[in-house]
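Taking it in order: structure first as structure tokens, then the write-up.
What follows is calculated from the coordinates using simple rules that are stated; it is not laboratory data. The model shown is predicted, which means the values in this text are computed figures rather than measured ones. Counting neighbours? That spans all protein chains shown, and the Cβs are built from the backbone with ideal geometry, glycine included.
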Amino acid sequence: MGRTKAILVDITKCIGCRSCENACKQVHGLPLNEEAKLSATALTVIEEHGDRYVRRMCMSCQDPACASACLVGALKKTELGPVTYDASKCIGCRYCIVACPFNVPRYEWAKLAPTVKKCDMCYARQVKGQDPACVEACPVQASIVGWRDEILEEAQKRILLDSKYVKRIYGSEEAGGTSVFFISDVPFEKLGFGTVPAQPMPVLTANALGDIPTVVLVGGGLLAGLYWITNRRKQVALAEASSAELSEKR
Amino acid sequence: MARMRLPKITFWQTVVAIIFLAGAYAAYARFALGFERSTHLNDAQPWGLWVGLGTLCGVGLSAGGFAIAAAVYLLGFERYRQVVRAAVLLSFLGYLSVITGMMYELGLPWRIWHPIFMWNRHSVLFEVSWCVMLYTTVLALEFSPSLVEKIPWDRARKLYLQWHHNILIGLVLVGAVLSSLHQSFLGGLYLLAKGKVYPLWYSSYLPTLFYLSAVPAGLAATIMAVYLCNRSLKTQVDPIVLAEMSQIIAPLLYVYAILRGTDLVTHVGASYLWQWREETLLFWVEIAMFVLAPVVLLSRASVRQDPNKLYGTCSLVVMGFMANRLNVSVTAFQTSSGFYYVPKWTEFALTLATVTACVVAFHYAVRYLDILPRRLEENRPTWRRVVSPVGAA
């Protein structure tokens, strides 16, 4: 994978104006009501934790659990970094929602032909060279976008130069690394950030899937071998019985 | 004067009718009103009763078919031949119920064929879906002689049964491998949810544990089905065969308990075993029903050889197995999601109707086809009796 894009959210800068929410809803043609939590009609929201505003959205993992979970490959990690969703492939199994370590994807539970809804970092806009709508709308640059390595460098610089920051970049290690980073002056545990394993999630199932050839070859071979023995015994018994019969007749 | 006779309506017919009516309404609710009004599922609990009970238990309790077929055809356990057809039929119906369940479980069921053409080989669910498709086909073929042997056209029947005889060993072998794969991968699904699954149910050995628990549970379900046929459908399976089958269950449960116990103590920490929480209680309910009680009971010859007691013990195993699958799929997510999921009645109704349809189908198959040996005095004519030329394959 070449250079990918990433977003940095600086929680110390966010003023809670919700311009990002609004811009997101407008770009995606969603109803413009204010929502407190992520939903099928709110792909990014500002959550209030004490006097801090925490933006939530898809973390665009480097090695996404959802993309490895999706049995029809509707979810994809793009070359550019965003994780996209192709609704025309989706069969509605919802394994992506079970798998996501950040609890991001939402389902259209009220609809009769429901699909999954989640932020895709405005992939369509980024391909055209535009910034994600939420970043573009931010009046105080609490969210910035750029190449992932540069964004990560910027985050490191900020937390090193200013002592108010917690010395941690949320997203740099979580689930093997994401494309959305958070820095904050309040410990992340107090802001509703979950504890997420530090390894890329798909590794967890890759090992099991790697066992398939072994199970097929060893299991199949073993059973075939046992059948050969069973069959051989049966034939020997039959042959012995018929020869015994013959000698009796004589 | 001849009086008109109304057909007699029995208690069980009434129960079945009520279940089907409730199921019909639930199906209407699911398809005409949507998930929100027919289930209590939400983004915190995207998989509920339909996955936990319908899919996980449906597939797991159908493990008897591949186990018995492999024992008879590959390993030469001739004694079990008299129950192999019942075991295969039970599994076949079980898988049909799982596929039916998919039709209301999936959000877009009309796209159920997508995995055939749209592949993601990194997905455990992709492997499961292919195994279920292939194995259901294998089961249909394994079961087919029971129907085909009733065909009145001699040549067609003989041709088919001869062909079937030739491929049977291959079918059973492929079936055993496919079953081993997807029985374990159903547990593998939850590997990806590390950090969300409560530690008592998370293990990197989930695939192995799912496999090791499905086989004894599938055998127990088969014993229960055969017992019920003996009791009320005038079939005659030697109780000693059932007792022998039950002797396999306890050792399998031992292996399961040792692996799960060791893994819990070494990787999770024994402290979780006696924390004062709902999860701990449900864990011990599961372990008591699935492992502790059956292991003690099955070690007694007096239990194994008394069909009634054996039936009771097997139902414990099956219920304990169901408790395990529901714990993995529901209880284990309660703390991480912060949502206490209780299924809506329509969820119960649809699953119950699906299972009932299987029971009814099994009942009629045993009555009208040659699934199990019949009691000698019973010479009730079925729609057609033709002796299979290739034996009881």
statement: Rg from C-alpha atoms of the protein assembly as shown, normalised by the globular rule of thumb 2.2 N^0.38 Å, equals 1.12
query: What is the mean number of Cβ atoms from other protein chains located within 10 Å of the Cβ atom of each residue in peptide A:216-227, rounded to a whole number?
result: 4
query: For region A:1-149, what relative contact order do you get, as a whole percent, if you take Cα pairs closer than 8 Å and at least 6 residues apart?
result: 32
query: Rounded, prolate or oblate: which fits region A:94-250 when a ≥ b ≥ c are the square roots of the eigenvalues of the alpha-carbon gyration tensor, with rounded for a/c under 1.5 and prolate only if a/b beats b/c?
result: prolate
task: Determine, at each q value in 0.13, 0.18, 0.26 (inverse angstroms), the log₁₀ of I(q)/I(0) that the Debye formula gives when each Cα of region B:18-90 is one equal point scatterer.
output: -0.61, -0.78, -1.11
message: Pairs of alpha-carbon atoms within less than 8 angstrom and 6+ residues apart define the contacts here; what relative contact order does chain A have, in percent?
response: 24
task: Show me A:23-31, B:235-243, A:212-220, B:138-146 ranked by packing, highest mean number of other Cβ atoms within 10 Å first.
output: B:138-146, B:235-243, A:23-31, A:212-220
For chain A, cysteines whose Cβ has no other cysteine Cβ within reach (under 4.7 Å): A:CYS14, A:CYS17, A:CYS24, A:CYS61, A:CYS70, A:CYS90, A:CYS93, A:CYS100, A:CYS122, A:CYS138
statement: Spelling it out for B:LYS234: with amide H atoms placed in the peptide plane at 1.01 Å from N, the residues 5 or more places away or on another chain with amide H under 5 Å from its amide H are none
message: Skipping prolines and chain starts, which residues have an amide H placed within reach, meaning under 5 Å, of the one on A:VAL45, given they are 5 or more residues away or on another chain?
response: A:ARG56
statement: Neighbour-count ranking for B:PHE321, B:PHE20, B:PHE362 (other C-beta within 10 angstrom, fewest to most) reads B:PHE20, B:PHE362, B:PHE321
Percent antiparallel among DSSP beta bridges (both partners in the protein assembly as shown, rounded to 5): 85
- request: Excluding B:PHE333 itself, calculate the net charge of residues whose Cβ lies under 15 Å from the Cβ of B:PHE333, where each Lys or Arg counts +1 and each Asp or Glu counts -1.
  value: +2
query: Per the helix-only calculation at 222 nm, which mean residue ellipticity applies to chain B, given -39500 (n - 2.57) for every DSSP H run of n ≥ 4 and division by its residues, nearest 500 deg cm²/dmol?
result: -20000 deg cm²/dmol
- request: Can you tell me how much longer the chain between A:LYS249 and A:ASN33 gets when fully stretched, taken as 0.36 nm per residue apart minus their C-alpha distance, in nm with one decimal?
  value: 68.0 nm
message: Through the Karplus equation 6.51 cos²θ - 1.76 cosθ + 1.60, θ set to phi - 60°, convert the phi angles of region B:199-210 into ³J(HN,Hα) values in whole Hz; use x for Gly and Pro.
response: x, 5, 10, 9, 7, 6, 8, 3, x, 4, 5, 5
message: Set the bar at 28 Å for Cα to Cα. Now go through A:LYS37/B:LYS194; A:LYS25/A:LYS89; A:LYS77/B:LYS196; A:LYS37/A:LYS190; B:LYS194/B:LYS309; A:LYS76/B:LYS194 and name every pair that lies beyond it.
response: B:LYS194/B:LYS309
statement: When B:SER246, B:SER213, B:SER299, A:SER163 are ranked with the fewest other C-beta atoms within 10 Å first, the list becomes A:SER163, B:SER299, B:SER246, B:SER213
message: Relative contact order of chain B, please, whole-number percent, based on alpha carbon pairs below 8 angstrom and at least 6 residues apart.
response: 29
query: When the Kirkwood radius is taken over all Cα pairs of region B:71-121, what Stokes-Einstein diffusion coefficient follows at 20 °C and 1.002 mPa s, in µm²/s?
result: 157
message: Taking θ = phi - 60°, what integer Hz values does the Karplus form 6.51 cos²θ - 1.76 cosθ + 1.60 yield along region A:243-248, in sequence order, with x for Gly and Pro?
response: 5, 5, 4, 4, 5, 5
